[in-house]
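Engineer: Structure provided below as structure tokens; questions to follow.
The values are calculated or read from the model by the stated rules, or taken from the named source; none is laboratory data. Given the structure is predicted, the values throughout are model-derived calculations rather than measurements. Ligands, DNA and RNA are excluded from the accessible area calculation, which covers all protein heavy atoms including side chains. Shrake-Rupley method; radii C 1.70, N 1.55, O 1.52, S 1.80 Å.
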Amino acid sequence: EPEVTQTPSHQVTQMGQEVILRCVPISNHLYFYWYRQILGQKVEFLVSFYNNEISEKSEIFDDQFSVERPDGSNFTLKIRSTKLEDSAMYFCASSWTGKNEKLFFGSGTQLSVL
Amino acid sequence: AQSVTQLDSQVPVFEEAPVELRCNYSSSVSVYLFWYVQYPNQGLQLLLKYLSGSTLVKGINGFEAEFNKSQTSFHLRKPSVHISDTAEYFCAVIMNYGGSQGNLIFGKGTKLSVKP
């Protein structure tokens, strides 16, 4: 069964450093998403992406965040200057239809900002 | 405001016992409802979903859930759990605004721990 792949599974970084989280969505999917879960809190929507542009973003997704589809297979989330409160599990998801009921999630990247 | 509440953060249960994980939501519009499961070191996997039709929904691994509109609930049940069901379970909702839909809104999750 096709799956969404995220790398790395764990990332440790120093506060203020830039970090890039990588995702390989399912190959024929067109809609891409990032969610995150701070320890003990809810999984929260960050951003959706379609046709090489952001479709929607939450208030969490401020100027420190950016997304990119640099080639035909990868979808990345960049945090420019990490803060302690960025420590969370980040989930990538993709969909063929753009319907949120048909999302496929990756296994997540655990980001720890020290 | 729309929200999803999972009342129990942790549920310990013995193997072969029945289990119910509770989920309530609040919404002023119609909804789609979901349960996701996250096994250790794995991604979020869809367990089951309610979009329309029968309010009793059956999912993978013997789980089922019932949509109760009057109580705004979507509780997850399994009549007999296995050790392998140990995982975190997330209830989620999508709001339907006529021709468009919102994003997935998740609850905080319930950690199910099945003991021998």
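Engineer: Put simply, what bits of the range A:92-113 lose 50 Å² or more of accessible area when the other protein chains are there, versus the chain on its own (1.4 Å probe)?
Structural biologist: A:Asn100, A:Glu101, A:Phe105
Engineer: Accessible area per residue, 1.4 Å probe, Å², for chain A: what's the number? Before the final figure, lay out the partial values.
Structural biologist: Working: 5820 Å² over 114 residues.
Per-residue value: 51 Å².
Engineer: Roll a 1.4 angstrom probe over the protein heavy atoms and tell me the percent of accessible area of the range B:3-115 that is carbon or sulfur.
Structural biologist: 50
Engineer: Accessible area per residue of the range B:3-115 at 1.4 Å probe, in Å²? Walk me through the numbers on the way to the answer.
Structural biologist: Working: 5250 Å² over 113 residues.
Per-residue value: 46 Å².
Engineer: Calculate one ³J(HN,Hα) per residue across the range B:73-79 by plugging θ = phi - 60° into the Karplus curve 6.51 cos²θ - 1.76 cosθ + 1.60, and present them in order as whole Hz with x for glycine and proline.
Structural biologist: 10, 8, 6, 9, 9, 8, x
Engineer: Compute the accessible area of each residue in the range B:91-109 twice, once for its chain alone and once with every protein chain present, using a 1.4 Å probe on heavy atoms, and list those whose area falls by at least 50 Å².
Structural biologist: For the range B:91-109, once contacts with the other chains are taken into account, B:Gln101, B:Asn103, B:Leu104, B:Phe106, B:Lys108 lose 50 Å² or more.
Engineer: Right, here's the next one. Roughly to the nearest percent, how much of the accessible area of chain A is carbon and sulfur, given a 1.4 Å probe? Present the calculation step by step, with values, prior to reporting the outcome.
Structural biologist: Working: 2730 of 5820 Å².
Percent of accessible area from carbon and sulfur atoms in chain A: 47.
Engineer: Summed for both chains, how many Å² of accessible area, to the nearest 100, are buried between A and B with a 1.4 Å probe?
Structural biologist: When A and B are taken together, about 1600 Å² of accessible area is lost.
Engineer: Of A:Lys57/B:Lys78; A:Lys57/B:Lys58; A:Lys57/B:Lys111; A:Lys78/B:Lys49; A:Lys102/B:Lys78, which pairs sit farther than 26 Å apart, going by alpha carbon to alpha carbon? All intermediate terms of the calculation are to be shown ahead of the outcome.
Structural biologist: Values: A:Lys57/B:Lys78 36 Å; A:Lys57/B:Lys58 33 Å; A:Lys57/B:Lys111 29 Å; A:Lys78/B:Lys49 32 Å; A:Lys102/B:Lys78 24 Å.
Pairs exceeding the cut-off: A:Lys57/B:Lys78; A:Lys57/B:Lys58; A:Lys57/B:Lys111; A:Lys78/B:Lys49.
Engineer: While we're looking at this one, here's another question. Could you tell me the distance between the Cα centroids of the range B:20-97 and the range A:28-80, to the nearest Å?
Structural biologist: 24
Engineer: Find the relative contact order for chain B and round it to a whole percent, using C-alpha pairs within less than 8 Å whose residues are 6+ positions apart.
Structural biologist: Result for chain B is 36 percent.
Engineer: What length, rounded to one decimal in nm, is gained on full extension from A:Met15 through to A:Glu85, with 0.36 nm per residue of separation minus their alpha-carbon distance?
Structural biologist: Gain on stretching A:Met15 to A:Glu85: 24.2 nm.
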